[in-house]
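The values are calculated or read from the model by the stated rules, or taken from the named source; none is laboratory data. Just so it is clear, the model here is predicted, and its values are computed rather than measured. Here Cβ is always computed from backbone atoms with ideal geometry, including for glycine, and neighbour counts include all displayed protein chains. Note: accessible area is taken over every heavy atom of the protein model, side chains too, but ligands, DNA and RNA are not part of it. Shrake-Rupley method; radii C 1.70, N 1.55, O 1.52, S 1.80 Å.
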Amino acid sequence: MAAIPFDQREGWIWFDSELVPWADAQIHVLTHGLHYGSCVFEGERAYGGEIFKSTEHSERLKHSAELLDFAIPYSVAEIDAAKRLVLEKNGQTDAYVRPLAWRGSEMMGVSAQDNAIHLAIATWEWPSYFDPAQKMKGIRLDLADYRRPDPATAPCASKAAGLYMICTISKHKAERKGYADALMLDWQGRVAECTGANVFFIRDGVIHTPIADCFLDGITRRTVIDLARRRGFEVEERRIWPNELETFNECFITGTAAEVTPVSEIGPYRFQPGNMTKVLMEDYTAEVQPKAKAA
């Protein structure tokens, strides 16, 4: 059965301080965020009615906007409260949460310093990003043609909509070839990330992950690094070149949507999802589940 298009769903969306029916949450076609990419967003998950690291996501949303030279006219606390409100209004406990902010329609041109800044928050039910049966075996990744840009050429620390253009192109190409996603290199040809997730490798009991200086330092990425170190696993954040891929035993990716997902293949390179990956998957699941309230 075909999925319901996102503009035809039912529910409520928080839009500039008001809860509006899903179908009424609309913008004009001449919106600066649509034409010039002046839009930032977050991807979050609610587990058991609680949004995991909600405040950290709200802080990053505001920081992303600042990097695009606009200020979201709501505090972190107000954004957190709005996310809880729309989740409750939609009657959801396990859901995906999508806040986004953008420049409006007052001026249409590259310069739009006086345009109004809008904020909307939507929530919807969304299961595992990858097929659960396939996930345990490890997903297959292609090698992307496009590379993450030099940080001197783009605001790479911002979760900005425009930075995902090459991700969409790369993921579409990978899917047409039968892969689940694609691994992207950085502007110098080093391993960077997937199209919407960070990547980790394991060799001889040590976890290796690229330094996040030209792509988003994911909140899930940081969570998993913390979980690994709590376990006593050694984690090295360093430069990784593609010719190293054949030396790693395990590989997994992390992200709000992907959570912790094993990888079995990246182009010609093969990996065997093993115990360390399994442990981190379990630890992450335990971490995101709401803690029992004290009596």
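If I stretch the segment between residue 272 and residue 41 completely, what's the gain in nm (0.36 nm per residue apart, minus their alpha carbon distance), one decimal?
Taking residue 272 through residue 41 to full extension adds about 79.8 nm, to one decimal.
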task: Any chance you could look up the accessible area of residue 146 with a 1.4 Å probe, heavy atoms only, rounded to 10 Å²?
output: 110 Å²
- line: If every Lys and Arg gets +1 and every Asp and Glu gets -1 at its Cβ, then about the Cα centre the chain yields a dipole, in debye to the nearest 20, of 620 debye
task: Would you mind calculating the gained length between residue 111 and residue 257 on full extension (0.36 nm times residue separation, minus the Cα-Cα distance), in nm to one decimal?
output: 49.2 nm
- prompt: Angle between the Cα long axis of helix 219-230 and the longest principal axis of the chain, 0 to 90 degrees, nearest 10?
  reply: 40 degrees
message: If each residue of separation counts as 0.36 nm, what is the full-extension length gain between residue 124 and residue 77 once their alpha-carbon separation is subtracted?
response: 14.8 nm
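Mean residue ellipticity at 222 nm from the helices of the chain, using -39,500 (n - 2.57) per DSSP H segment of n ≥ 4 over the full residue count, to the nearest 500 deg cm²/dmol?
Roughly -8000 deg cm²/dmol at 222 nm, from the helical runs in the chain.
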task: Return the single residue from 99, 127, 268 with maximal mean-square fluctuation; model: Gaussian network over the chain, springs between Cα atoms under 10 Å.
output: 268
- prompt: Which whole-number percentage describes the relative contact order of segment 1-76, with Cα contacts under 8 Å and a sequence gap of 6 or more?
  reply: 17 percent
message: Restricting to bridges with both residues inside the chain, how much of the DSSP beta-bridge set is antiparallel, in percent to the nearest 5?
response: 75 percent
task: Mind pulling the angle between the C-alpha long axis of helix 165-176 and the longest principal axis of the chain? Nearest 10 degrees, somewhere in 0 to 90.
output: 50 degrees
- prompt: Most fluctuating residue of 258, 81, 182 in a GNM of the chain with Cα springs under 10 Å: which is it?
  reply: 81
statement: In the neighbourhood of residue 4 defined by beta carbon distances under 13 Å, the net charge of the other residues (Lys, Arg +1; Asp, Glu -1) is -2
- line: Taking a ≥ b ≥ c as the square roots of the eigenvalues of the Cα gyration tensor, with a/c under 1.5 meaning rounded and otherwise prolate when a/b exceeds b/c and oblate if not, segment 210-265 is rounded
message: Keeping every protein chain present and rolling a 1.4 Å probe, give me the accessible area per residue for segment 1-64 in Å².
response: 56 Å²
- prompt: Which residue fluctuates the most in the chain, going by a Gaussian network model with Cα springs under 10 Å, if the choices are 25, 95, 192?
  reply: 25
message: Nearest 10 degrees is fine. How inclined is helix 275-288 to the longest principal axis of the chain, computing both from alpha carbons?
response: 20 degrees
- prompt: Once you sort the root eigenvalues of the Cα gyration tensor of segment 1-58 as a ≥ b ≥ c, which label holds: rounded (a/c under 1.5), prolate (a/b larger than b/c) or oblate (the other case)?
  reply: oblate
- prompt: Taking a point 7 angstrom from the Cα of residue 4 along the C-beta vector, which residues in segment 22-57 have backbone N less than 15 Å away?
  reply: 22-25
Cα gyration tensor shape for segment 18-134, rounded if a/c is under 1.5, else prolate or oblate: prolate
- prompt: Going highest first, how would you order 48-60, 196-208 by mean Cβ packing within 10 Å?
  reply: 196-208, 48-60
query: How do the peptides 105-116, 36-47 rank, highest first, by the average count of neighbouring beta carbon atoms within 10 Å per residue?
result: 36-47, 105-116
